[in-house]
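Peer 1: Have a look at the structure that comes next, please.
The values are calculated or read from the model by the stated rules, or taken from the named source; none is laboratory data. Since the structure is predicted, the reported quantities are computational estimates derived from the model, not experimental observations. Glycine gets a Cβ as well: all are built from the backbone with ideal geometry, and neighbour counts include every protein chain shown. When the accessible area is computed, the model is the full protein with side chains, heavy atoms only, and any ligands, DNA or RNA have been set aside. Shrake-Rupley method; radii C 1.70, N 1.55, O 1.52, S 1.80 Å.
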Amino acid sequence: MTVSREKLEGGRRVSEVTTPPEGGWGWMIVAGCFLATICIRAVTRCVSMFFVEFQLHFQKDYSTTAWIHSLVDSTTMLCAPLGSFLGHRLSCRATVTLGGLLSSAGLVLSSVASSLEHLYISMGILTGLGFALSYTPSVAMVGRYFSDRKALAYGIALSGNGIGTFILAPAVQLLIERYSWRGALLVLGGFVSNLCVCGALMRPLGSKGGERILEKNMANLEKDCITARLDSKNSKQETLLREIEPSNPKLSNCNIIEDFKCITLKKANNVKAKKDDSGLTEAKPLDPQKLDDADSPSTKALLDTETSSSRRFLPEEFGFLLLPDFLFLSVSLLFLAYGCSTPVVYLVPYALSVGVGYQEAAFLMSIFGVSGIVGNITFGWITDRKFLRSYRMLPYTVAIAMEGLCCMCLPLLNSFSLLVTFSMIYGYFDGAYVALIPVVTSDVVGPTYMTCALGVVYFLHAAPYLVSPPLGGWFVDKTGNYAATFFISGTSFMFSAVLLAAAMLVKRCQRNKANSASQL
């Protein structure tokens, strides 16, 4: 599989076709994304360790205090398209580095906060903006360097979420006990500055010799042909054509254009569409031969709907937004995002409310992180197998459903041993679906739109991340327990899984109907 990229050279847009190396410097990209995930997602999770400290210091209720965590998460996801845009226009290296500087500055300013409103701005908005600029480009870079082993590469890269949580949760609790929450935030600010190191590793994927096709060269060849033809009109045509036809290199270049077209058609004819019997499929380019068939009504319909409708109102980079498969995935992500935020925020406060100690509560987050590592890598490795590569949507849906089931059972667990079991199971499936989000996104939209699509996917998390922790805290304030908060979170997970299952079922029925019609 090749990855098509576009950039500007001399004011002219240039298309590049590059083959993912499936290794080499790609493993350094994985390492950079791994470190970025620790600095971003693991640190965001550890903000819940400050929840009780903020609540006691500023004397606020659950709902008001929860806005800090929700603002960090929602700003990170809300500004994800900005990170994609800057990574596409500037470079992923510069964007990740800029994000590291902003997020580090936000945490340092948070260490001197005098009110919750101060934390809303410094930690919630400034740090969240820095995380947004760093996270999306670093995740998208992994997809550019890997294709066949994409799920495994993402599993390793995003396992930094679990490893970071495992290490940082007890470390942050120790820092709070020794240096108070202000000193802990100051240390985290210095730690997050390592995102600048991650940015330095984000080297752009260069094209190999013989694999680069420049539109500028095509335009120059066509210009040579036009110039030669204009020159031939200024003199006697018959004599000039006899003299020029065998020797004029400009006219011979016209054949190169036809050669390019022939090569493109041959490559397009050799591409075989993979059948996906279980889930959403990757966006496929149109067959050039069908595009040349002006008499085909199906081709006209495709051109009218896809080209005329979507590209007329959307930029070329966001043409995937109107794909039915992506629309189904987007709606399911809204419910998924609402469900996944609340348990992370309220796991430690809930454990403390049932009599678990501070260190034991921090240990629950560590177990949650370790289980996430196992989920990241095992699901990534399994879904990269050839017999499962076309069925990635199915394990993704199962992981989401298991998350919902765990959340519904959480209010029934009132001992440390039972909460350890919850952290292991919930963390495992959390790591599974987190690793598969960029994979299934790439399967739906194709590698060409990967960066922009990831920006939209993370953007969809913004609103649910913003409202779910405060809404969960409001239920706790009103009812005096966590049952309603966790039950609503689990229901949201289950609805997301049901929606994906329904989409797969509808697609399967449509495919069977189409096969039956073709046989008839």
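Peer 1: Among the residues of segment 451-482, which ones are open to solvent by 10 Å² or more (accessible area, probe 1.4 Å), closer than 23 Å to residue 133 by Cα and assigned to a helix (DSSP H, G or I)?
Peer 2: 451, 452, 456, 458, 459, 463, 464, 465, 466, 467
Peer 1: Is it the case that segment 425-433 has a residue that's open to solvent by 40 Å² or more (accessible area, probe 1.4 Å) and either assigned to a helix (DSSP H, G or I) or closer than 29 Å to residue 324 by Cβ (or both)?
Peer 2: Initially, segment 425-433 is screened for residues open to solvent by 40 Å² or more (accessible area, probe 1.4 Å), giving 425, 428.
Cutting the leftovers down to either assigned to a helix (DSSP H, G or I) or closer than 29 Å to residue 324 by Cβ (or both) gives us 425, 428.
Looking through segment 425-433, at least one residue is open to solvent by 40 Å² or more (accessible area, probe 1.4 Å) and either assigned to a helix (DSSP H, G or I) or closer than 29 Å to residue 324 by Cβ (or both).
Peer 1: Could you tell me whether segment 483-490 includes any residue that is in a helix (DSSP H, G or I), free of Cβ contacts under 8 Å to residues at least 40 places away in the same chain and farther than 16 Å from residue 344 by Cβ?
Peer 2: Yes.
Peer 1: Checking residue 29 against (1) open to solvent by 30 Å² or more (accessible area, probe 1.4 Å); (2) modelled with pLDDT of 85 or more, which single condition isn't satisfied?
Peer 2: Here residue 29 clears every test but (1).
Peer 1: Next question, about the same structure. For segment 375-390, check the following and say yes or no: at least one residue is in contact (Cβ under 8 Å) with a residue 12 or more places away in the chain, open to solvent by 40 Å² or more (accessible area, probe 1.4 Å) and within 24 Å of residue 169 (Cβ to Cβ).
Peer 2: Yes, that holds for at least one residue.
Peer 1: Could I ask something else about it? When you go through 169, 200, 184, 151 one by one, which is the residue that is over 16 Å from residue 135 (Cβ atoms) and modelled with pLDDT of 90 or more?
Peer 2: From the options 169, 200, 184, 151, the qualifying one is 184.
Peer 1: Would it be correct to say that residue 113 is more than 24 Å from residue 451 (Cα to Cα), out of contact with any Pro (no Cβ under 8 Å at 6 or more places or on another chain) and surrounded by fewer than 22 Cβ atoms within 10 Å (Cβ to Cβ)? Full working, then the answer.
Peer 2: On the way: more than 24 Å from residue 451 (Cα to Cα): yes; out of contact with any Pro (no Cβ under 8 Å at 6 or more places or on another chain): yes; surrounded by fewer than 22 Cβ atoms within 10 Å (Cβ to Cβ): yes.
Yes, satisfied.
Peer 1: Look at residue 367 and say whether it is touching a Ser or Thr at 6+ places or on another chain (Cβ under 6 Å) and open to solvent by 10 Å² or more (accessible area, probe 1.4 Å).
Peer 2: yes
Peer 1: Ok, one more. Just for segment 491-520: of the residues that are touching a residue at least 40 places away in the same chain (Cβ under 8 Å) and either touching a strand residue (DSSP E or B) at 6+ places or on another chain (Cβ under 6 Å) or more than 16 Å from residue 401 (Cβ to Cβ) (or both), which one is most open to solvent (accessible area, probe 1.4 Å)?
Peer 2: Among those residues, the one meeting the criterion is 508.
Peer 1: If you don't mind, there's one more thing I want to ask. Just one of 361, 337 is touching a Pro at 6+ places or on another chain (Cβ under 8 Å) and either of a type in the set (D, E, K, R) or closer than 20 Å to residue 45 by Cα (or both); which is it?
Peer 2: Working: 361 fails: touching a Pro at 6+ places or on another chain (Cβ under 8 Å).
Only one candidate passes the filter, namely 337.
Peer 1: Looking at (1) open to solvent by less than 10 Å² (accessible area, probe 1.4 Å); (2) closer than 17 Å to residue 196 by Cα; (3) of a type in the set (S, T, N, Q), which one does residue 104 not meet, given that it meets all the others?
Peer 2: If we test residue 104 against (1) open to solvent by less than 10 Å² (accessible area, probe 1.4 Å); (2) closer than 17 Å to residue 196 by Cα; (3) of a type in the set (S, T, N, Q), just (1) comes out false.
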